[in-house]
Amino acid sequence: MTAVFLPGNKQVEVRAVPVPEIGADEVLVEIKASCICRSDLSLYFGNAVISGGDSNQFVCGHEPAGVVVQVGEAVTGFAEGDNVAVYLGVGCGVCEHCRTGHFYLCATWKCLGFTMDGGNAEFLKVPARNLLKTAKGMSHLAAAISTDAFGTLFSASRKLGVNGLSRVGIWGMGPMGAAGTLAVKAMGGQVVALDPIKERREFALSLGADLALDPTDPATADQIREFSAGEGLTEAIDCSG
């Protein structure tokens, strides 16, 4: 199969590699979509991510989605032909953190595309516990985006308890801030988007933000008070760092 590597120095390499062989608790996914993240740019420039060491070592890509084409003998709940999204964090599966769904706290945690082979390839093998069946009619691209960029901000919004009474300030209107705007609006909240770059503020408004402000403008605080009838923001999400 073909797979993509990011060896650094602004190089992208497409190589022929063997199709991975799955274990009893693993599945083989034929990749249909794999999104590019800001973290991938670190590999592109030759910087290690998550102590990944040599960026040339692993197939890149940590936001994949596709179709199950093979299941291990111990796998239940998934079958060939299932459309799935793949969660990026792979834990041991048996420790307390993994058993409660907190794979990212596992002592042996690995991340697709950084410390193990990722999804920028024709096929990807992962533990079945890392799969999520996608809704009927959901595109592979939407599923891939949901695994990290949108999913991260959806989770943050849900933990904040965003609802129809929320006025959420989101600092930074890059990809994550844009995803946050979509998530908050989907939950019924209002969004005050803050970014010093005019084009990003305009983009936030096109996504449904109720107000877009320049945080470097001394009048910003007064504008928020006016927008909220003096009550201010109810929640804040920082996507600027």
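The values are calculated or read from the model by the stated rules, or taken from the named source; none is laboratory data. Keep in mind that this is a model prediction, so the values were computed, not measured. In this analysis, Cβ positions are derived from the backbone assuming ideal geometry, glycine residues included, and neighbour counts consider all displayed protein chains.
Tabulated data for the structure shown
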{"item": "Pair list, Cβ < 6 Å and 6+ apart or interchain, from segment 222-241 residues that are over 15 Å from residue 212 (Cα atoms) to residues that are among the polar types (S, T, N, Q)", "result": "234/166; 235/166"}
{"item": "Considering residues of segment 148-183 that are surrounded by fewer than 24 Cβ atoms within 10 Å (Cβ to Cβ) and among the hydroxyl-bearing types (Ser, Thr, Tyr) only, the residue nearest to residue 38 (Cα to Cα)", "result": "152"}
{"item": "Tabulated pairs, segment 156-176, first within 21 Å of residue 241 (Cβ to Cβ), second of a type in the set (Lys, Arg) and surrounded by fewer than 17 Cβ atoms within 10 Å (Cβ to Cβ), C-beta under 8 angstrom, 6+ apart or interchain", "result": "174/38; 175/38"}
{"item": "Residues (touching a residue at least 40 places away in the same chain (Cβ under 8 Å) and in contact with a strand residue (DSSP E or B) (Cβ under 8 Å, 6 or more places away or on another chain)) located in segment 72-88", "result": "72, 75, 78, 82, 83, 84, 85, 86, 87, 88"}
{"item": "Residue satisfying all of: in segment 84-109; buried (at least 20 other Cβ atoms within 10 Å of the Cβ) and in contact with a His (Cβ under 8 Å, 6 or more places away or on another chain); modelled with the lowest pLDDT among these", "result": "103"}
{"item": "Subset of segment 102-142 that is among the aromatic types (Phe, Trp, Tyr) and touching a residue at least 60 places away in the same chain (Cβ under 8 Å) - its residue that is nearest to residue 57 (Cα to Cα)", "result": "114"}
{"item": "Strands (runs of 3 or more DSSP E) within segment 178-241 that include 2 or more residues at positive phi, in contact with a Phe, Trp or Tyr (Cβ under 9 Å, 6 or more places away or on another chain) and of a type in the set (D, E, K, R)", "result": "none"}
{"item": "Any hit, segment 175-183, residues being at pLDDT below 95 and out of contact with any Ser or Thr (no Cβ under 9 Å at 6 or more places or on another chain)", "result": "yes"}
{"item": "Condition met for residue 22 (part of a loop (DSSP other than H, G, I, E, B), touching a strand residue (DSSP E or B) at 6+ places or on another chain (Cβ under 7 Å) and at positive phi)", "result": "no"}
{"item": "Residues satisfying the stated conditions in segment 212-235, i.e. closer than 13 Å to residue 173 by Cα and under 25 Å from the mean Cα position of the chain (by Cα)", "result": "212"}
{"item": "Single residue of 218, 196 found to be surrounded by fewer than 17 Cβ atoms within 10 Å (Cβ to Cβ), within 25 Å of residue 150 (Cβ to Cβ) and free of Cβ contacts under 8 Å to residues at least 60 places away in the same chain", "result": "196"}
{"item": "Matching residues in segment 1-29 - criterion: being among the acidic types (Asp, Glu) and surrounded by fewer than 17 Cβ atoms within 10 Å (Cβ to Cβ)", "result": "13, 21, 25"}
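To keep it simple, each residue is scored yes or no on (1) more than 30 Å from residue 202 (Cβ to Cβ); (2) charged (D, E, K, R); (3) out of contact with any strand residue (DSSP E or B) (no Cβ under 9 Å at 6 or more places or on another chain).
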| site | (1), (2), (3) |
| --- | --- |
| 96 | yes, yes, yes |
| 109 | yes, no, no |
| 118 | yes, no, no |
| 124 | yes, no, no |
| 130 | yes, no, no |
| 138 | no, no, no |
| 147 | no, no, no |
| 157 | no, no, no |
